[in-house]
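Colleague: Handing you a structure now.
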Amino acid sequence: MRVAIVGAGPAGVAAAIFLKRYGIQLDLFEKDQVGGLIANAWRVENIPFFDPCPGEKIVELLQRNLRYFSIEIVHEEVLEVKGKKLRTKSFEQEYDKILVASGTLPKRITEFEVCEKVVYEFKHLPKSMDSLAIYGAGDAAFDGALKAAEKGVKNVHIFNRSSTIRALPRLVELAKNSPIVYHEKEPIIEVGQQQNLIIKTNKTSYHFDALLICIGRMPNVGFVTEKTHDVYIVGDASGGFRQMSIAVGQAIEACMRMVNEQ
Ligand SMILES: Cc1cc2nc3c(=O)[nH]c(=O)nc-3n(C[C@H](O)[C@H](O)[C@H](O)COP(=O)(O)OP(=O)(O)OC[C@H]3O[C@@H](n4cnc5c(N)ncnc54)[C@H](O)[C@@H]3O)c2cc1C
């Protein structure tokens, strides 16, 4: 059996290790960097068998385990999965099974994307900044604010367009007990650029070094044009709850089904 895995986030890496231990031939495709979305996390506290740690630490563990099992990454973006056929820019190949662990894409506000200082993931923010605006009021917004504050960013502001907060109470509590400034019912309506970013809300205008937009994410499966029995969609890409252990669990379960069906 030969298996293709699309995405080297937690789900894809877990699947690769599982299959490798069964001696199954696999190709692990990654268009960006190993680790996926968890690289952005401020502090991962919900995995009971290791101490709370930053997302970067988990990325290091994933990379180390890939090396331990001598699993090579195919550094290519998968452009199409059509049944058993997988296509990249440089080749087309048929596999017995394809595991899609491609995560999510951000919901974008394209009119705010005035320069590279407007991003959707923490890891894409400028390395050095004094001030950061965050748009959104979910886990990623509060997590990003805490991470920025911990990294020494002096002015961190969260803008929530409504009064509803969808983040974990623990993150909200920690943010409220920190110098992070939280703005309620203050939607951003325009983003401009001079030396830094000019962020206009329904109340006033501000200057920030960067803007992190966290208004939600959606499954990244547009490249799957034909989903058959041999194509397994797991992890955040499956559209269910978005947690690392669920993503890993789904990947392992899919691999066990593949092995059992052999
Ligand atoms: C700020 C933040 C904090 C978080 N904190 C926690 C936490 O504390 N605890 C927790 O359990 N979860 C946390 N999460 C959620 C967790 O990161 C995700 O649930 C987990 O990363 C999902 O893993 P995945 O492998 O399914 O997808 P992803 O991690 O998104 O990985 C998908 C990978 O696929 C690659 N890819 C996509 N398309 C293609 C393609 N066409 N070709 C090749 N490669 C492709 C991507 O580049 C990426 O590397 C957090 C998320 C965020 C954003």
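The values are calculated or read from the model by the stated rules, or taken from the named source; none is laboratory data. Bear in mind that the values here come from a model prediction, so they are computed numbers and not experimental data. Every residue, glycine as well, gets a Cβ built from its backbone with ideal geometry; the counts of neighbours run over all protein chains shown. Calculation scope for accessible area: heavy atoms of the full protein, side chains included, ligands and nucleic acids excluded. Shrake-Rupley method; radii C 1.70, N 1.55, O 1.52, S 1.80 Å.
Colleague: Okay, helix-only estimate at 222 nm for the chain: each DSSP H run of n ≥ 4 adds -39500 (n - 2.57), divide by all residues, round to 500 deg cm²/dmol; what do you get?
Modeller: The helix contribution divided over the chain gives -7500 deg cm²/dmol.
Colleague: So, with a 1.4 angstrom probe, what is the percent of accessible area on the chain that is carbon and sulfur?
Modeller: On the way: 6680 of 13660 Å².
Accessible surface attributable to carbon and sulfur in the chain totals 49 percent.
Colleague: Hey, another quick one. Rounded to the nearest 20 debye, what is the charge dipole size of region 39-130 about its Cα centre when +1 sits on each Lys and Arg Cβ and -1 on each Asp and Glu Cβ?
Modeller: Numbers: 15 positive and 16 negative charges, 38 e Å.
About 180 debye.
Colleague: Would you rank 84, 147, 176 by solvent-accessible area, highest first, keeping every protein chain in place and using a 1.4 Å probe? Mind dumping the intermediate values first?
Modeller: Numbers: 84 75, 147 5, 176 130 Å².
Putting 84, 147, 176 in descending order of accessible area: 176, 84, 147.
Colleague: Another question about this same structure. Quote the Stokes-Einstein diffusion coefficient, in whole µm² s⁻¹, for region 4-156, based on the Kirkwood radius over alpha carbon pairs, a temperature of 4 °C and a viscosity of 1.567 mPa s.
Modeller: Values: Rh = 17.4 Å.
D = 75 µm²/s.
Colleague: Dividing the Cα radius of gyration by the Kirkwood radius, what Rg/Rh value follows for region 192-235?
Modeller: Ratio of gyration radius to Kirkwood radius: 1.34.
Colleague: Using every alpha carbon pair in region 108-262, what percent of pairs falls into each 5 Å bin from 0 up to the bin containing the largest distance?
Modeller: It works out to 2, 8, 16, 18, 16, 12, 9, 8, 6, 4, 2, 1, 0, in whole percents.
Colleague: What full-extension length gain, to one decimal in nm, is calculated for residue 253 and residue 110 as 0.36 nm per residue of separation minus the Cα-Cα distance?
Modeller: Numbers: separation 143, 0.36 × 143 = 51.48 nm, distance 3.71 nm.
Separation in residues times 0.36 nm, less the Cα-Cα distance, equals 47.8 nm.
Colleague: Applying the Karplus parametrisation 6.51 cos²θ - 1.76 cosθ + 1.60 with θ = phi - 60° to the phi angles of region 132-141, what ³J(HN,Hα) value in whole Hz is obtained for each residue in order, glycine and proline being reported as x?
Modeller: 9, 9, 10, 10, x, 9, x, 4, 5, 5
Colleague: Mind scanning 57/89; 154/185; 147/227; 57/107 and naming the pairs with a C-alpha gap bigger than 28 Å?
Modeller: 57/89; 147/227
Colleague: Would you report the distance distribution of C-alpha pairs in the chain as whole percents per 10 angstrom bin, up to the bin with the largest distance?
Modeller: 7, 29, 30, 21, 11, 2, 0
Colleague: Short version: ³J(HN,Hα) in whole Hz for each residue of region 58-69, in order, from phi by Karplus 6.51 cos²θ - 1.76 cosθ + 1.60 (θ = phi - 60°), x for Gly and Pro, what are they?
Modeller: 5, 4, 4, 5, 4, 5, 5, 5, 5, 5, 4, 9
Colleague: For region 165-262, state which GluC sites (Glu not before Pro) are in a DSSP loop and have at most 16 other beta carbons lying within 10 Å of their beta carbon.
Modeller: 184
Colleague: For residue 182, list long-range residues whose amide hydrogen, built 1.01 Å from N in the peptide plane, is under 5 Å from its own amide hydrogen.
Modeller: 158
Colleague: Ratio of region 1-90's C-alpha Rg to 2.2 N^0.38 Å, to two decimals?
Modeller: In units of the 2.2 N^0.38 Å rule of thumb, it is 1.15.
Colleague: Follow-up. Using the heavy atoms of the protein chains and a 1.4 angstrom probe, tell me the accessible area per residue for the chain in square angstrom.
Modeller: Solvent-accessible surface per residue comes out at 52 Å².
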